[in-house]
Amino acid sequence: GIIVFALFFILYKFFNSHTLPPIVAVVLLFVTTFIMSLSDLMFITQITYFLSPILGDSLNRGGYLDATENILSGTWGHVGVMEQSKAFYFRVFLMHAPVIYWGREFMRNYKLGYFIYNLFVIGAICSPLFVLVEIFNRISGVLAFFFCIVGGVFYFNILGNRGNTQKVKYYFAIISLFFAIYPYFSDMFSRPDNLMLFLWDANGRNFLPYW
C-alpha cells in the first residue's frame with residue numbers, strides 16, 4: 001500500500017494537471033462494476049512477483065501474495081472473497097458516477113483539486129473489485145476517503161445552488177447522495193439488537209451476549 005501511495009505523490013505534478021475525461025472514467029467504472037471479475041486482477045500478483053527480487057520478501061511476508069493469488073484464481077473457491085449482492089454494485093455505480101462525471105468541473109477551482117479528484121476516481125474505479133479481497137480493500141478503503149472531499153464539493157455546488165443548476169444534475173446529485181448515506185441508515189435500522197449493545201449493557205457479566 002505504501003508503494004502505491006508513494007507512486008501517487010511521485011506523479012503529483014501530472015495528477016494535478018491532467019485527468020481522465022469524465023465520460024471515460026464513468027465507462028471504466030461501469031466495466032469494473034458490472035463486467036470484470038476477480039480473475040481479471042491476476043496481473044497484479046504477476047507484477048508483484050516480478051518486483052519481489054527488487055523490493056525484497058516484504059511483499060509476500062506472511063504469505064499474503066500467495067494467498068491473494070489463490071483467491072484471485074479461484075483455487076480457494078469463495079474463501080477469502082467478500083460476497084456482494086447485485087444491489088451493492090448498482091448502489092456503488094449510482095453513488096460514484098455522477099460525482100465522477102460532474103465533479104471535475106468544480107475541483108479544478110482548487111489548488112490540489114485535480115490531484116484529489118484523480119485519487120477519488122482511481123479509488124472509485126477499483127473499489128467494485130478491490131472491496132472483495134481484504135489486501136486490496138486496504139488500498140481502495142483509503143482512496144474512498146477522497147470521495148468525501150470530491151463528493152462534498154459536488155453536492156455543495158449542485159444541491160446548494162438549485163436555482164442555477166440543470167435539473168438532470170440536481171436529480172443525479174440527490175440519487176448519488178442517497179446511495180452514499182444509505183449504508184449507514186440501513187445498518188442502523190437493520191442491525192440485530194444483540195449487535196447494538198455497549199459495555200454498560202453487560203450488567204456485571206464478563207462479556208456481552210453477542211449470540
Does the stretch 159-188 hold any residues that are open to solvent by 70 Å² or more (accessible area, probe 1.4 Å) and either farther than 20 Å from VAL92 by Cα or basic (Lys, Arg) (or both), and which are they?
-> ARG162, GLY163, ASN164, GLN166, LYS167
Of the residues PHE90, PHE50, which is modelled with pLDDT of 90 or more, part of a helix (DSSP H, G or I) and open to solvent by 80 Å² or more (accessible area, probe 1.4 Å)?
-> PHE90
Within the stretch 93-117, the residues that are open to solvent by 20 Å² or more (accessible area, probe 1.4 Å) and farther than 11 Å from SER176 by Cβ are ARG104, GLU105, PHE106, ARG108, ASN109, TYR110, LYS111, LEU112, TYR114, ILE116
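The values are calculated or read from the model by the stated rules, or taken from the named source; none is laboratory data. The model shown is predicted, which means the values in this text are computed figures rather than measured ones. As a convention, Cβ positions derive from the backbone with ideal geometry for all residues, glycine included, and neighbour counts pool all protein chains shown. These accessible areas exclude ligands, DNA and RNA; they are computed on the full protein's heavy atoms, side chains included. Shrake-Rupley method; radii C 1.70, N 1.55, O 1.52, S 1.80 Å.
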